[in-house]
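Take a look at the structure below.
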Amino acid sequence: MADQAKPGEVRTEADGRVLRIIVDNVAKKNAFTPEMMLQISDAFTAFDRNDDYWVAVLAAAGDHTTAGLDMPKFFGPTASRVESPPDNLDAFALKGRTCKPVVAAVQGICFTVAIELMLAADIVIAASNCRFSQLEVKRGIMANHGATL
């Protein structure tokens, strides 16, 4: 039986006063799943509520920031919806944002969700190999995590 790919996750690593929030779904170019959307909301909420952390650095594992959403997991017959608790912060700064600074470090493919996370960050550091695209228009859907606003 073949090993299944590890599911994507958003994990955190503390380094003194800095909390690294790391998107890790390298097998799918860091495409976001509904579960990862909840995890990133949880990470931003934990960062905001812990006085030990002064700044968050949002980054991605591997060569690419994100290819966007893992579309079949959001739309279609096998789609799942995962809601964040109502008192959670929103990583996209639409329903509530942290008052502490967030630095987004991006590299490689920076599609859709990456752009929306960058718009919500206070500072963006982009590698020279970044490729940006807001692909929703090509798919006939609306960019609903901040890029439209």
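Within segment 55-63, identify whether any single residue is closer than 16 Å to Ile125 by Cα and open to solvent by 50 Å² or more (accessible area, probe 1.4 Å), and answer yes or no.
Scanning segment 55-63, I find at least one residue that is closer than 16 Å to Ile125 by Cα and open to solvent by 50 Å² or more (accessible area, probe 1.4 Å), so the answer is yes.
Which of the residues belonging to segment 84-108 are modelled with pLDDT of 95 or more, in a loop (DSSP other than H, G, I, E, B) and open to solvent by less than 20 Å² (accessible area, probe 1.4 Å)?
Matches in segment 84-108: Gly108 only.
Against the condition under 30 Å from Gly16 (Cβ atoms) and either in contact (Cβ under 8 Å) with a residue 12 or more places away in the chain or over 15 Å from the mean Cα position of the chain (by Cα) (or both), how does Thr112 come out, does it pass?
No, not satisfied.
Among the residues of segment 17-28, is there at least one that is acidic (Asp, Glu) and either in contact (Cβ under 8 Å) with a residue 60 or more places away in the chain or open to solvent by 60 Å² or more (accessible area, probe 1.4 Å) (or both)?
No: segment 17-28 contains no residue that is acidic (Asp, Glu) and either in contact (Cβ under 8 Å) with a residue 60 or more places away in the chain or open to solvent by 60 Å² or more (accessible area, probe 1.4 Å) (or both).
As an exercise: evaluate Glu136 against (1) more than 14 Å from the chain's Cα centre (by Cα); (2) surrounded by 13 or more Cβ atoms within 10 Å (Cβ to Cβ); (3) charged (D, E, K, R); (4) under 22 Å from Lys6 (Cα atoms) and give the number of the one condition it does not meet.
Going through the list (1) more than 14 Å from the chain's Cα centre (by Cα); (2) surrounded by 13 or more Cβ atoms within 10 Å (Cβ to Cβ); (3) charged (D, E, K, R); (4) under 22 Å from Lys6 (Cα atoms), Glu136 breaks only (4).
Here are the criteria: (1) assigned to a loop (DSSP other than H, G, I, E, B); (2) within 29 Å of Val137 (Cα to Cα). Tell me which single one Lys6 does not satisfy.
The one condition Lys6 does not meet is (2).
Look at segment 66-109 and say how many of its residues are free of Cβ contacts under 8 Å to residues at least 40 places away in the same chain and at positive phi.
Selection size over segment 66-109: 2.
The values are calculated or read from the model by the stated rules, or taken from the named source; none is laboratory data. Since this is a predicted model, take the numbers as computed values, not measurements. Neighbour counts run over all protein chains shown; Cβ positions are idealised from the backbone, glycine included. We work out accessible area using only protein heavy atoms, side chains counted, and drop any ligands, DNA or RNA first. Shrake-Rupley method; radii C 1.70, N 1.55, O 1.52, S 1.80 Å.
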